[in-house]
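Engineer: First, the structure itself, so that you have it in front of you.
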Amino acid sequence: MTKEDFQNALQNIEPSALREVFIEVPAVRWTEIGGLESVKQELIEAVEWPLKYPEAFEAIHIKPPKGVLLYGPPGTGKTLLAKAIATESEANFISIKGPELLSKYVGESEKAIRETFRKARQAAPTIIFFDEIDSIVPARISGFDSGVTERVVSQFLTEIDGLEELKNVVIIAATNRPEMVDPALLRPGRFDRLIYIRPPDLKDKEKIFKIHLTDIAIIP
């Protein structure tokens, strides 16, 4: 293989905001997360039950939330919670960091969003986890938008509202700055459930330490 081969290959590669959408099956259990019992219960009711028992929800004509927003200070376990609910729901998991979707090339960010949702539908039941959601769908401020933000936010909302139904696909997003998220995302039928993830209190910290010390031999 020569230098010319590499140059020819580079010329044929299209710019992309996201090279590949990876589907994973996490192995994080509730027992590995110390504390946050009320948060776990909310996620079980909003995500796990609808994904595991969709027929039951259809039978009683209840539409579960399409999206759940986890918000709170950094380092409080938002990503770990998203992985755990995917494990407990026996669902596939697609994890996207907000900045990964953004591209300087026109149309590439929207294309990456479409591809993410397409893969999720194919692999359903699926949980899509968008970390740093405020970087993908920031609040649109009149007069300060180049047009890129408008297109990306519109594409994201189109996928949620979609002509193609999000059957057995749940969106979980996380942010440290909920005030920076576009209000349109928080309307009914989109992100119906907002869950605050607080810092651990003393009891939570004790449970966290116990989990991490389980397999460590301690010399008396």
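Engineer: Could you tell me which residue of the range 147-166 is surrounded by the fewest Cβ atoms within 10 Å (Cβ to Cβ), considering only residues that are without any contact (Cβ under 8 Å) to a residue 60 or more places away in the chain and within 23 Å of LEU43 (Cα to Cα)?
Structural biologist: Among residues in the range 147-166 that are without any contact (Cβ under 8 Å) to a residue 60 or more places away in the chain and within 23 Å of LEU43 (Cα to Cα), the one surrounded by the fewest Cβ atoms within 10 Å (Cβ to Cβ) is GLU165.
Engineer: Of all the helices (runs of 4 or more DSSP H) wholly in the range 25-103, which have at least 2 residues that are more than 13 Å from the chain's Cα centre (by Cα) and surrounded by fewer than 19 Cβ atoms within 10 Å (Cβ to Cβ)? Spell out the reasoning first.
Structural biologist: On the way: elements: 37-43, 49-52, 54-59, 78-88.
Once the helices (runs of 4 or more DSSP H) in the range 25-103 are filtered for at least 2 residues that are more than 13 Å from the chain's Cα centre (by Cα) and surrounded by fewer than 19 Cβ atoms within 10 Å (Cβ to Cβ), what remains is 37-43, 49-52, 54-59.
Computed from the coordinates by the stated procedures, all read-outs in this text should not be read as laboratory data. Predicted, not measured: the structure shown is a model, and the values here were computed from it. Methodologically, a virtual Cβ is constructed for each residue, glycine included, from the backbone with ideal geometry; neighbour enumeration extends over all protein chains shown.
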